[in-house]
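For reference, the structure discussed in these notes is given below.
The values are calculated or read from the model by the stated rules, or taken from the named source; none is laboratory data. From a predicted model like this one, the values you see are computed outputs, not experimental measurements. Here the Cβ positions follow ideal geometry from the backbone for every residue, glycine too, while neighbour counts run over all protein chains shown. Areas reflect the complete protein model, heavy atoms only, side chains present, ligands, DNA and RNA absent. Shrake-Rupley method; radii C 1.70, N 1.55, O 1.52, S 1.80 Å.
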Amino acid sequence: MAREVLHWAHLYDEVVTTGLCTGCAGCVVACPHDVLGYDDNEGAYKPFHLEDEGGPGGCGHGDRGCTSCTRACPRFRAWEPEIDTHLFGRTRAADEVAGISKDIILARATDAKVAEMGQDGGLVSAILIWALEHGYIDAALVSYLEGDGTSWKAIPGVARTPEEVLNAAGSRYTYSANTMAYAEAVEGGAEKLALVGMSCQSSVPPVMTLRKAGKPARRFVLNIGLLCSKTFDDAIFGELLEARYGLRKQDMVKMNIKGTLQIWMRDGAYHEVPLKECHAWTREGCKMCPDFAAEHADISTGGIGAFGDWTLTIIRTDLGREIMVKMLQDGTIEGRPGDDDPGAIELLRKLSTRQRKRWPESAVPAPRLIPVAPA
Ligand SMILES: Cc1cc2nc3c(=O)[nH]c(=O)nc-3n(C[C@H](O)[C@H](O)[C@H](O)COP(=O)(O)OP(=O)(O)OC[C@H]3O[C@@H](n4cnc5c(N)ncnc54)[C@H](O)[C@@H]3O)c2cc1C
Ligand code: SF4
Ligand code: SF4
């Protein structure tokens, strides 16, 4: 029997239009014919075909045998067990709800400026600066704020220097498909890239590698994940934060989520908005996302737990461990055992369990919770 050629028509029908698509842009970056575009307008964050042939799900290159987009998609068919096996040599066990890992620790940057500018201890920025300075990477794909920052539109971009890494530090809670900065990084001469991204994006590099999705796979050498339960649609600024609370985005300087949406204003004022009220602005692409803990990153990072200025750090791969050990040894970061904050580990499991229930029954079973066999 001829092998099935899985191309854009399959991706469009099985992922883009079923609600599984996260907007990670893996397919867009991998397309060798540049016929996929990316709509990052409010309410969208989806790939689309740039040519009219055959309607939105048609692709002449796919008809002629091109399969790059399905190979690069971390929501296409059996993505989770395939990536687990590729990265860890096995699929996750029932109790590994937050994915397979080697160590869980608390870490933070020892450089006061990096720690201060980072969201939860500055670990991610410290890793990127260290990796640039030690030749692991030439550039990192990160997220900046557009223009002077007052629009709060999060946009993908490239960081090639410590200064650029720090300009991108902190968290924005709207979507930024950092993978989309790939072309700019490569045009600038970078060969070894780090990708920083939410869980959905951190499954892109390994799926590209294992399914041989072309050149980008070779260039993603370091994969830093951000724990993530959702991103908000950009409309939240006008429709909720300004309309109901009078908080104008141009007056905001920082946001965080710690059980509530925390907002710091330019005039020094501080506000909290209950997350319950924000739910209506959950971005479409997050509603079926089963991965809270960035289960396929080299190092996954989050801000849950008792210690606000330490990053909860899940070390998953040999590369992740090598980098963390070297950074601890040379004093770039400091660390303490995850056991110092058992509440954080418990919350990690609870949120990971809850998020896996989002994956729909109509799709392949793997990312859902694995039933524990009776003793
Ligand atoms: C949308 C979002 C949701 C999150 N949800 C949770 C959560 O529910 N629970 C939890 O424990 N942690 C969550 N995190 C992770 C947390 O906010 C921190 O990013 C993480 O703890 C690392 O902190 P740090 O100080 O080491 O990072 P930093 O040193 O501040 O570096 C953060 C990096 O993230 C990049 N970044 C910022 N915003 C975005 C964005 N919107 N899209 C892509 N990249 C971005 C920056 O460019 C920077 O490189 C979330 C992060 C984001 C962006
Ligand atoms: S999940 Fe990512 S790779 Fe898959 S169709 Fe959506 S944007 Fe493309
Ligand atoms: S919940 Fe987070 S990781 Fe999942 S699709 Fe949304 S942004 Fe991506």
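Just a few scattered comments:
- Taking a straight line from the alpha carbon of residue 215, these lysines sit under 19 Å away, with near neighbours fewer than eight places off in the same chain left out: 192.
- Average accessible surface area per residue within the range 275-322, 1.4 Å rolling probe, Å²: 34
- Cα centroid separation - the range 155-190 against the range 343-375, whole Å: 31
- Across the options 286, 327, 306, the greatest Cα extent toward the positive end of the charge dipole of the range 261-375 (unit charges at beta carbon of Lys, Arg, Asp, Glu) belongs to 286.
- Considering helices alone, the calculated mean residue ellipticity of the chain at 222 nm is -7000 deg cm²/dmol, with DSSP H runs of length four and up weighted by -39500 (n - 2.57) and normalised per residue.
- Cα gyration tensor category, rounded, prolate or oblate, for the range 20-151 with a/c compared to 1.5: oblate
- Whole-Å distance, taken between Cα centres, linking the range 201-272 and the range 19-37: 20
- Share of carbon and sulfur in the accessible heavy-atom surface of the chain [1.4 Å probe, %]: 52
- For the range 1-131, the solvent-accessible area with a 1.4 angstrom probe is 43 square angstrom per residue.
- Cα shape, the range 293-356, gyration tensor, a/c 1.5 rule: oblate
- If only the Cβ of Lys and Arg carry +1 and only the Cβ of Asp and Glu carry -1, the dipole of the chain around its Cα centre is close to 860 debye.
- Under 20 Å of direct C-alpha separation, and excluding same-chain neighbours fewer than eight residues apart, residue 287 reaches these aspartates and glutamates: 13, 14, 39, 40, 42, 80, 233, 234, 239, 277, 295, 361.
- Across the range 10-16, computed HN-Hα scalar couplings (Karplus, 6.51 cos²θ - 1.76 cosθ + 1.60, θ = phi - 60°) run 5, 5, 4, 6, 9, 10, 5 Hz from first to last residue, x flagging Gly and Pro.
- Prolate/oblate/rounded label for the chain (Cα gyration tensor, a/c 1.5): rounded
- 24 Å Cα-Cα threshold exceeded, pairs from 212/350; 113/258; 254/276: 212/350
- When the Cα positions of 214, 229, 149 are compared along the charge dipole of the range 101-245, 214 comes out farthest toward the positive end, with charges on each C-beta of Lys, Arg, Asp and Glu.
- ³J(HN,Hα), Karplus 6.51/-1.76/1.60, whole Hz, each residue of the range 280-290, x for Gly, Pro: 4, 9, 4, 5, 3, x, 9, 5, 10, 7, x
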